[in-house]
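Below is one structure, written out as structure tokens; comments come after it.
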Amino acid sequence: CGFENPRSPALCGKCAAPLVTPARREVVLRARDVWVAKLIDLSRRNKLLYFRDLKTGTLDLSQCDRTALGNLLRGENVTLANLLPNADEVSASSRANEIRKTALSNLEERGLETLFIACGFATWPATDGGRPAESPVMLAPVALEKRGREGRGLSIRLSGELQINPVLLFSLEREHGLRIAAEVLLEAKGAASEEPLTDPKVVYARLQKAGAGIKDFRVSPRSVLGNFAYQKMAMVKDLQDNLDQIAAHDLVAAIAGDPGARKALRSLGAGESPRNLDLIPPNNEFLVLDADSTQQVAIAGALSLRNGVIYGPPGTGKSQTIANLIAELAARGRRVLFVAEKRAALEVVL
């Protein structure tokens with residue numbers, strides 16, 4: 001709000017939120033750009049920017065039946081045999097099954113839906129003189145299902161809405177200053193039409209026109225089935241769209257390196273003392289597993305709503321501490337959200 005607080009110059013006098021000085025905002029802005037760069041890998045390891053065919057991890061659909069592909073993008077079920085009528089059925093099915101296994105593993109272990117048909121590839125010369133970019137344009141989320149008595153046949157169906165590759169758009173903006181909205185590329189042909197766009201050629205033409213100012217920029221109509229992951233782009237969008245809220249948050253600003261925010265957090269007092277643990281009445285303690293003093297200190301800090309990070313090598317009781325903390329919070333009527341990148345970590349705590 002910007003209202004000066006005479007009692008605490010660091011806080012707004014109207015809503016008691018931290019005042020964001022230009023210096024603090026600049027510190028957070030620099031840190032934000034570093035975080036975004038780390039989240040989006042613009043190196044040649046990122047196959048959403050520098051795609052490469054794999055022996056078993058991708059299936060080229062360049063020779064697919066265009067009518068079958070169009071039906072698929074409109075939401076109809078299509079068999080792999082109909083999609084690739086001239087391909088070796090055994091080889092194509094084998095590759096598709098390997099791709100399906102990887103997608104199922106990503107979903108079960110990490111909760112990520114990574115199975116897509118990449119439609120169209122944009123390419124342009126690399127600024128470092130190396131291998132040029134080859135970036136998927138459209139990503140169609142699909143599901144592969146086994147068919148037949150022995151499950152040898154495969155059917156493919158669209159499992160979500162068509163999307164524009166966000167890594168492509170980010171790279172074009174960062175490297176060439178070309179800002180393109182995904183909504184513009186996917187806009188239906190008719191202004192009054194509410195039907196979603198399902199013709200990739202329209203998207204290719206729009207992107208080709210938008211990238212006309214980039215030397216040797218071109219879009220090819222090739223299609224590929226494979227696993228692609230870009231979930232970190234959601235975090236990138238949050239960081240880009242919420243700079244003011246991020247700068248106003250003492251904890252995030254402190255992580256970014258703002259001295260004022262770090263001083264404010266230090267003023268909250270020291271951490272919990274192990275000596276105070278003996279003062280907790282047994283009736284107020286709800287540990288469901290054994291805990292040593294370091295674990296109990298971590299739990300006490302969380303119960304007093306302090307921010308913290310628990311460090312420890314494997315086998316030192318981090319999951320036990322989380323389980324104890326969930327029990328302590330539940331006993332106090334609190335709701336707990338526990339998240340982990342991999343399912344194995346969830347199962348250990350469960």
Item checked: Residues (open to solvent by 40 Å² or more (accessible area, probe 1.4 Å) and not in a helix (DSSP H, G or I)) located in segment 248-272 -> H249, S267, L268, A270, G271, E272
Next item on the list: Quickly run through segment 40-58 and pick out the residues that are among the aliphatic types (A, V, I, L, M) and open to solvent by 10 Å² or more (accessible area, probe 1.4 Å).
Entry: L42, L54
Next item on the list: State all residues of segment 317-350 that are open to solvent by 60 Å² or more (accessible area, probe 1.4 Å), assigned to a loop (DSSP other than H, G, I, E, B) and in contact with a helix residue (DSSP H, G or I) (Cβ under 9 Å, 6 or more places away or on another chain); if no residue qualifies, say none.
Entry: R332, R334, R335, V336, F338, V339, E341, K342, L350
Notebook entry, point to check: Hey, does segment 167-187 have a residue that's open to solvent by less than 30 Å² (accessible area, probe 1.4 Å), within 25 Å of S105 (Cβ to Cβ) and of a type in the set (S, T, N, Q)?
Noted result: no
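Could you please let me know if A10 is surrounded by 13 or more Cβ atoms within 10 Å (Cβ to Cβ) and modelled with pLDDT under 90?
yes
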Notebook entry, point to check: For residues in segment 60-83 being within 18 Å of G148 (Cβ to Cβ) and assigned to a strand (DSSP E or B), which is least open to solvent (accessible area, probe 1.4 Å)?
Noted result: V78
Notebook entry, point to check: Which residue, of A234, A205, A248, A210, is among the aliphatic types (A, V, I, L, M) and touching a Pro at 6+ places or on another chain (Cβ under 7 Å)?
Noted result: A248
Next item on the list: Exactly one condition in (1) crowded, with 19+ Cβ neighbours inside 10 Å; (2) over 27 Å from L39 (Cα atoms) is not met by D216; state its number.
Entry: (1)
Next item on the list: Taking D278 as the residue in question, decide whether it is in a helix (DSSP H, G or I), closer than 25 Å to A31 by Cβ, open to solvent by 80 Å² or more (accessible area, probe 1.4 Å) and not basic (K, R).
Entry: no
Next item on the list: Looking for whichever is open to solvent by less than 20 Å² (accessible area, probe 1.4 Å), at pLDDT 95 or above and among the small types (G, A, S) here; the options are A133, A122. Which one fits?
Entry: A122
Next item on the list: Kindly indicate whether any position in segment 75-85 is of a type in the set (D, E, K, R) and either at pLDDT 90 or above or under 22 Å from V219 (Cβ atoms) (or both).
Entry: yes
Next item on the list: Return yes when K237 is among the basic types (K, R) and modelled with pLDDT under 90 and no when it is not.
Entry: yes
Notebook entry, point to check: What pairs can you find where one residue is in segment 238-261 and without any contact (Cβ under 8 Å) to a residue 24 or more places away in the chain, the other is surrounded by fewer than 18 Cβ atoms within 10 Å (Cβ to Cβ), and their Cβ atoms are less than 8 Å apart, with a gap of 6+ or different chains?
Noted result: A254/R262; A254/L265
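The values are calculated or read from the model by the stated rules, or taken from the named source; none is laboratory data. Owing to the predicted nature of the structure, the values given are computational and were not obtained by experimental measurement. When we count neighbours, we look across all protein chains shown, and the Cβ atoms used for this are built from the backbone with ideal geometry, even at glycine. Only protein heavy atoms, including side chains, enter the accessible area calculation; ligands, DNA and RNA are left aside. Shrake-Rupley method; radii C 1.70, N 1.55, O 1.52, S 1.80 Å.
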